[in-house]
Structure formats: structure tokens, C-alpha cells
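Okay, so here's the structure we're looking at.
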Ligand SMILES: Nc1ncnc2c1ncn2[C@@H]1O[C@H](COP(=O)(O)OP(=O)(O)OP(=O)(O)O)[C@@H](O)[C@H]1O
Ligand SMILES: [Mg+2]
């Protein structure tokens, strides 16, 4: 699906070095020296180290990493608030590194807007004037900019507060003004640097939800920096994890959790509650052997159980629609009775889920049944895969000693 999406921003081999001796530092980077060694020998700091990635149009792209890992530097290179030392940034097919000053200003004013952690509002101006500030710099007429600013304020839920001053607003509302100001240009790309980090947790959640809603409606491309993993997982379609200026991994939260590219990433994501992220699509055994209702009677079912070594199999019709499960003991009985089909023995009140169901959502299903879980396509109910109860329990208890302990206790009670 993602492969068909339009690339909005392409970053190639982007390097940013702070300090005077850039040439020497660049050479040392090429020779594979570490950030520390380079700092010691050249007094240069590596901000970003040969980063390459693409951001799709309309994507919510999150940059994560510890303090000093290069997130802000990378973001500021995208609109050349900082001049890259090497590499290319291509936006809408245009190479930003080759733009002259006027073209750059245009880019920042029309195509990309930035929202900062410290809201950066002008204290003596009203909410409306603050929201209109970018347009004012651009030289728009007063009435035009007020109409546009009002529209942006409406979008972020600030109608009625136009004539207040920033100090009269809560932190969350101030950040809404910051967001409105970024939206007045109707930019295609929003660059957000820790935009919600200064907000208290409840307001933060509210702003996150609103931003998601906004992106749904306006389909902006959003590049969002955070050091909060939960926030990254909630917001990001894809997440990049940075360390010492290097991109350690890019992927969906689920890809990163199930397949961390390095020990660093693994340590980084260890605390995450996997149950809420790992989905049926990842856990399922794809294209399982199934009993064809029209073709396989009890004898055919037994044959398939023998070849697979399984004592329970899913049953499907000729269109691969999931009908239920049959169990070994029932199939033997049915074969002895010489029944023509498995109709009598299909267990059809069994759980099925779509590929998006999380482990957390599936766990309650297994309490009620000993059946595996069928993964089906939502509308057609076509069978896509099977999840054994054991696979689900193993996943749910991975890295989580507390859950394992609980399970052991339950087992002891039997
Ligand atoms: N103006 C500067 N001059 C010299 N070094 C800098 C400058 N700005 C940043 N750095 C260095 O570049 C590296 C990356 O910094 P950057 O601000 O991009 O990190 P960050 O991931 O945004 O961190 P934080 O989470 O603290 O905001 C750090 O080692 C930092 O010390
Ligand atoms: Mg930063």
C-alpha cells in the first residue's frame, strides 16, 4: 500500500556538522569514526550523520530519539533553517539544497510551517493577531489575513478567544494558537518539534487526538518530533529512531517492536506494552491448511490432520469463507458414522478477528474457548490465517514477568 504513495520529502545522505573544521570531520565520518572521536579531534559535533529516508504525502512521520540524538537538527535541515553540510533534500521533486534565498523564504511561507515546543507567541498581541502573524510578515492585507487566521483558529477549536492575550490562555490553548499560526498559510507540510512536550498529560492527550483528527481532515504531511515513545506510537504511521545523528531504524511501531534493528532500539522500546501494538496480522499463521467443506468429508479431514499433525483445522467454503473449526475426536466419530460431510461437527461459535486486532483485544477471546482464533477479512470473512492460543499467550507474556507470574498462578489453581 505504502509503495504506491507519493513521496513528499526525500532525504539523501544528509549530514550536518556543527563547528569550524567540517571538511576534516566529514572525512573522519567517512572513515567510520565515532561522534565522540570526531568531537575530540576536530571539536566538531555531528548533528546528523548520513540520514536517508522518504516521507510520503499525507503521512504522519515521527522522529524519536534521546536528547542530543539530532532530531531538531534533522528537522531544521528540511526547510534549511540550518544549512546541511552534505546531502540532498528533495521536496515535491525540487532539491531544497539548491534553492536561493527568495525561493527558500517562499518554501517556508507557503509549503512548510513549523510549530515549536515553546509556543513562540507574541505576548502583547491578541490570539487573532498571533495567528495572523505569518501572513503579516508575508505582506498580506489586514482583512485577508484576519479571515485566514479566523479560519485557522476555528479549525483548532479557538473560536471565541480571538481577542484574548496569550497569558489569558492555558498552555494547551496557547499551543493551539501556535498550531493555528502554522495552519494559516495552508502549508502542505507541518514540522512540529516537541510541540506537545510542555503540556500537561491530559491536555497533551487532547491535543494529540485533535491533531490526528486534523490530519484526517486536512491530509497534511506531518513531521513530528517527540522523545515520548507512547506519543510516537499513538501518532506515527512510521517512526524513525535516531541515535548520535544516525537513523537506527525506520518503520511502523509494530515493525520496530517485532523486529528491532539494533540493541539500542530494542532497549528503547522494551518498556512498551506490546499487547496494545502487536496485531493479529503479525501473529497469524498465514494460509493455513483448511478443510474444504464441499470437497473434504470426515475422511478427507482426517487425512489433512494426519499430514499437518494438527488436531484442529479451520473449515472454509469454496470461496474461502471461514465456517468454523473441526476437531480430531469429532472427525474420527464422524468418519466412523460414515457421515458424508463435516456439517454436524463444525464448531462455528468460535472467535474470529481481523488483521488489525491487537493481542490485548484477543486475549479475552481465548478465555471462553479452547479453539484457535481465525483471522478473516472484514467484509468477506475470507480466511487469512490462524492464531494458536499458545502463540497468543507467548506473545502476551513476552518480557512481562508480571503476566507470566499470573498465568503460573492460574495454572496452579487447576
Ligand atoms: N548550534 C549548535 N552548535 C553546536 N552543536 C549543536 C548545536 N545544536 C545542536 N548541537 C549538537 O548537535 C547534536 C544534536 O542536537 P539536537 O538539538 O538536534 O538534538 P535533539 O535530538 O533535538 O535533542 P533534544 O531532545 O534535547 O531536543 C547534539 O550533540 C547537540 O549538542
Ligand atoms: Mg530537539
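For segment 22-49, the candidate set comprises residues that are away from ligand 1 (no atom under 13 Å from the Cβ) and in a loop (DSSP other than H, G, I, E, B); within that set, the residue that is surrounded by the most Cβ atoms within 10 Å (Cβ to Cβ) is 33.
Here residue 79 clears all of (1) more than 17 Å from residue 190 (Cα to Cα); (2) more than 11 Å from ligand 1 (Cβ to nearest atom); (3) touching a helix residue (DSSP H, G or I) at 6+ places or on another chain (Cβ under 9 Å); (4) at pLDDT below 95 except the condition numbered (1).
Restricted to segment 50-59, and to residues there that are surrounded by 22 or more Cβ atoms within 10 Å (Cβ to Cβ) and more than 16 Å from ligand 1 (Cβ to nearest atom), the residue that is farthest from the chain's Cα centre (by Cα) is 55. Of all residue pairs spaced 6 or more apart or on separate chains, those with beta-carbon atoms under 7 Å, a first member in segment 67-96 that is closer than 14 Å to residue 116 by Cβ and a second member that is assigned to a loop (DSSP other than H, G, I, E, B) and within 16 Å of ligand 2 (Cβ to nearest atom) are 76/82.
Tell me, which residue of segment 60-69 that is closer than 20 Å to residue 244 by Cα and modelled with pLDDT of 95 or more is farthest from ligand 1 (Cβ to nearest atom)? Once the filter is applied, the top-ranked residue is 61. Every listed requirement among (1) surrounded by fewer than 17 Cβ atoms within 10 Å (Cβ to Cβ); (2) more than 16 Å from ligand 1 (Cβ to nearest atom) is met by residue 121 save one, (1).
Going residue by residue through segment 145-154, is there one that turns out to be within 16 Å of ligand 1 (Cβ to nearest atom) and out of contact with any helix residue (DSSP H, G or I) (no Cβ under 6 Å at 6 or more places or on another chain)? Can you show your working first?
Step one: list which residues in segment 145-154 are within 16 Å of ligand 1 (Cβ to nearest atom), which gives none.
Scanning segment 145-154 turns up no residue that is within 16 Å of ligand 1 (Cβ to nearest atom) and out of contact with any helix residue (DSSP H, G or I) (no Cβ under 6 Å at 6 or more places or on another chain).
Residues in segment 108-137 that are closer than 17 Å to residue 188 by Cα and more than 16 Å from ligand 2 (Cβ to nearest atom): 108, 109, 110, 111, 112, 113, 134, 135.
The values are calculated or read from the model by the stated rules, or taken from the named source; none is laboratory data. Remember, predicted model here, so these are calculated numbers, not experimental data. Backbone-built Cβ (ideal geometry, glycine too); neighbour counts: all protein chains shown.
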